[in-house]
Amino acid sequence: MAQLIHQEVRGEPDTSTVKTSLKYRKELGWLNRVPFWLHGLLVPIVLLIIWQIAGDTGLVTKEQLPTPLAIMKRFIELGASGELYHHLGVSALRALSGFMLGSVIGLLVGMFIGIGKIIERTLDPSLQMLRTVPLLALIPLFILWFGIGEFSKVLMISLGAFFPVYLNTFLGIRSVDTKLYDVTRILGYSRWQQLTKLILPSALPNILLGLRLAMSTSWLVLVFAELMGTSAGIGYMIEDARTYSNTDIVFVGIILFALVGSLSDIAVHALEKRWLSWQDTFKG
Amino acid sequence: MSEHSLVIEHLNRTFASPAGPVHALSNIQLKVKQGEFVTLIGPSGCGKSTLLKIVGGLDTGYEGKAELNGRPITGPGIEKGVIFQEPRLFPWLTVEKNIAANLSLKNPAVRRRVDELIELVRLKGFEKAYPRELSGGMAQRVAIARALLRSPDVLLLDEPFGALDAFTRAHMQEVLLDIWQNNKTTMLFVTHDLDEAVFLGEKVVIMNPRPGHIREILPIDLPFPRSRTGASFQELRRLVLQAFEKGEEPALDLGAGI
Ligand SMILES: Nc1ncnc2c1ncn2[C@@H]1O[C@H](COP(=O)(O)OP(=O)(O)OP(=O)(O)O)[C@@H](O)[C@H]1O
Ligand SMILES: [Mg+2]
């Protein structure tokens, strides 16, 4: 019985989507005959068909714009030969190491500056100044200092990952409710408990947002870093294909970047869903 | 040790503000016996919250004497439970984890106490619910259970039922009296509500502002359970009201009681 009441309270149905879909149905006319999940795909499908026809009739050359079918064919070929996985693996490792390095440092620095007033006064202004420098403008400097080797690339990516994590961690920690802080004092929390049981959970939504931004920045910097010169990776594959006018491979590379980018976004989103379900405002 | 749990003598609290110092509390004298239920009532700004914060150890910038069990109050601690107007729960913890807070539910003694308290505040079935899923009254009961788990010597309540509707409020008052009679915890209860002050308190402390001071301490010699409609209750209610009318500030919330 008690369990039942409990269930009832927790499982509030989300009425908003029901309402919109009903409203949709009335105003859609002929679209009603198309399955609901296809609605958003209609435009891309039509565009793809036009694109294919334009290629087949010779309206555009395959050096400028290979047809979707040709790109798909090349995708499968590269996948079958294993070349794709090799480049993808190299790129993913680079992005991941840079992302990890940058976000761990960002998290730690954000925490220390968030907690300590003295460090904030002395260190934060410099970091804020650095932040305004466009990251990509620093790439030539990195190449001068560290060459174009692996180390230089990972460092560049980690710098890109650092700022979003640092800024959001700092913000999250500063948004800790002082009323809850008083509660922890009354309940006799130790300093360590205040950190792990109040400050970090309060800052978690911001930290996750920072990680998400860091992920996309890492990916962006990776593309730039790889285009600057390397002997493996998706960026290299694109650059190499461009010199030989294999435009279909360029497209394959772009599609891969997009795919991995959205996959990593989905992953962070899943974490948010798991960890932030307690939030009033969080709607997945 | 004296029979008094809380002793306040010549207590003054002044805040610095741009417009000059604000004398929030002036020469407060108050003694509370072990296990006594004291209600504090007075118009807005008369220093009720300030006094409670000092007793709770959250404000140590006072002058004069404030002692709990013979020791000066120098900071917060689990021997002084505090319940605020808002429940102040941790939104990322379930009801049972909010009550346990920094104690581990894996400890069987804590587990047993938490279950008992959930029963006591009538929240059975909601152990795993999150604060956003609770009503205001339920959340406030969680806050009460959390404070009780530490078995405080004194429970400080700052308008704990101020945000609740009249029915929930009456129910919560019953719950609180139950707890008090079972645990014999000393209670210091701040309210805006005349009926609430007379209904709960063995003593009503009447405060006035500018500067915040105690105008009168009125004993309420009515046995529990009390009836709000009885003649003696109404008579005492009138006495408290009179004490205010003698003062200059009639700005009191008279209507919110039942
Ligand atoms: N931290 C502070 N800094 C400056 N002035 C303060 C501070 N806290 C309280 N005061 C002043 O002290 C006086 C008493 O405030 P307090 O909050 O104790 O009133 P109260 O009796 O609890 O009022 P209410 O019933 O509205 O809650 C007020 O004049 C207020 O402006
Ligand atoms: Mg107050």
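With the convex hull drawn around the C-alpha atoms of the range A:147-284, the volume per residue stands at 119 Å³. Roughly how many percent of the accessible protein surface of the range A:82-274 is carbon and sulfur, given a 1.4 Å probe and a whole-percent answer? The value for the range A:82-274 is 72 percent carbon and sulfur by accessible area. Here the contact order of chain A, divided by its residue count and restricted to Cα pairs under 8 Å and six or more residues apart, works out to 21 percent.
Model label sites at B:ASN27 and B:THR229, defined 7 Å from Cα along the beta-carbon direction, differ in position by 4.5 nm.
Which longest run of chain B has no exposed loop site in it, a site being GluC sites (Glu not before Pro) in a DSSP loop with at most 14 other beta carbons within 10 Å, and the site itself not part of the run? Show your work: numbers first, answer last.
Details: sites that count: B:GLU3, B:GLU248.
For GluC sites (Glu not before Pro) (loop position, at most 14 other Cβ atoms within 10 Å), the longest site-free span of chain B is B:4-247.
Note on B:THR14/A:PHE146: beta-carbon distance plugged into 1/(1 + (r/R0)^6) with R0 of 51 Å gives a FRET efficiency of 0.25.
I need the calculated FRET efficiency for the pair B:ASP178 and A:VAL43, taking r as the beta carbon distance and R₀ as 60 Å, to the nearest 0.05.
E between B:ASP178 and A:VAL43, to the nearest 0.05, is 0.40.
Between the residues B:ALA166, A:GLN279, A:PRO66, the greatest Cα displacement towards the positive end of the dipole of the protein assembly as shown, with unit charges on the Cβ of Lys, Arg, Asp and Glu, is found for A:PRO66.
Taking B:ASP195, A:ASP56 and ordering them by how much accessible surface each has at a 1.4 Å probe, largest first, produces A:ASP56, B:ASP195.
In this structure the protein assembly as shown gives 51 Å² per residue of accessible area when probed at 1.4 Å with all protein chains present. Burial annotation for the range B:48-67: residues with an accessible-area loss of at least 40 Å² between the isolated chain and the complete set of protein chains, computed on heavy atoms with a 1.4 Å probe, are B:LEU58.
Rounded to the nearest 20 debye, the dipole magnitude of chain A is 840 debye, with +1 charges on Lys and Arg beta carbons, -1 on Asp and Glu beta carbons, and the Cα centre as origin. DSSP beta bridges fully contained in the protein assembly as shown are about 50 percent antiparallel.
Run a plain Debye calculation on the protein assembly as shown (Cα atoms as equal point scatterers, no solvent) and give log10 I(q)/I(0) at q = 0.13 Å⁻¹, rounded to two decimals, same order as the q list. At q = 0.13 Å⁻¹ the computed log10 ratios are -1.27. Of all DSSP bridge pairs formed entirely within chain B, close to 50 percent run antiparallel. When the Cα positions of A:PHE142, A:SER175, A:SER231 are compared along the charge dipole of chain A, A:SER175 comes out farthest toward the positive end, with charges on each C-beta of Lys, Arg, Asp and Glu.
Accessible area per residue was computed with a 1.4 Å probe on protein heavy atoms; A:VAL133 scores about 60 Å². The phi torsions of the range A:164-180, fed into the Karplus equation with coefficients 6.51, -1.76 and 1.60 and a -60° offset, translate into couplings of x, 5, 4, 4, 6, 4, 4, 4, x, 5, 6, 8, 4, 5, 5, 5, 6 Hz, rounded to whole numbers, with Gly and Pro shown as x. Each helix, a run of at least 4 DSSP H residues, gives -39500 (n - 2.57); summed and divided by the residues of the protein assembly as shown, these come to -18000 deg cm²/dmol at 222 nm.
Take the accessible area of A alone and of B alone, subtract that of the pair with a 1.4 Å probe, and the total buried over both chains is about 2400 Å². Extension gain for A:ILE50 to A:ASP265 (0.36 nm times residue separation, less C-alpha to C-alpha distance): 74.4 nm. Taking amide H as placed 1.01 Å from N in the peptide plane, B:VAL82 has its amide H under 5 Å from the amide H of B:LEU156, each at least 5 places away in sequence or on another chain.
What ratio of Cα Rg to 2.2 N^0.38 Å holds for the range B:139-258? Mind showing how you got there, number by number?
Details: Rg = 14.5 Å, N = 120, 2.2 N^0.38 = 13.6 Å.
For the range B:139-258, the normalised Cα radius of gyration comes out at 1.07.
So if we plug the beta-carbon distance of A:ARG191 and A:ASP124 into 1/(1 + (r/R0)^6) with R0 = 22 Å, what FRET efficiency do we get, rounded to 0.05? Could the numbers behind the result be given before it?
Numbers: r = 22 Å, r/R0 = 1.00.
The value I calculate is 0.50.
Taking Cα atoms of chain A, Rg/Rh with Kirkwood Rh, to two decimals?
Numbers: Rg = 24.6 Å, Rh = 22.9 Å.
My calculation of the ratio gives 1.07.
Angle, helix B:108-120 long axis vs. longest principal axis of chain B, Cα atoms, 0 to 90°, nearest 10? Roughly 60 degrees, rounded to the nearest 10.
The calculated P(r) of chain B, using every Cα pair and 5 Å bins from 0, goes 1, 6, 13, 17, 18, 17, 13, 9, 5, 1, 0, 0 in percent.
Solvent-accessible area of A:ILE50, all protein chains in place: 100 Å² (probe radius 1.4 Å, heavy atoms, ligands and nucleic acids excluded).
The values are calculated or read from the model by the stated rules, or taken from the named source; none is laboratory data. These numbers were taken from a predicted model, which means no experiment stands behind them. Heads up, the Cβs are rebuilt from the backbone with ideal geometry, glycines too, and the neighbour counts pull from every protein chain shown. Areas reflect the complete protein model, heavy atoms only, side chains present, ligands, DNA and RNA absent. Shrake-Rupley method; radii C 1.70, N 1.55, O 1.52, S 1.80 Å.
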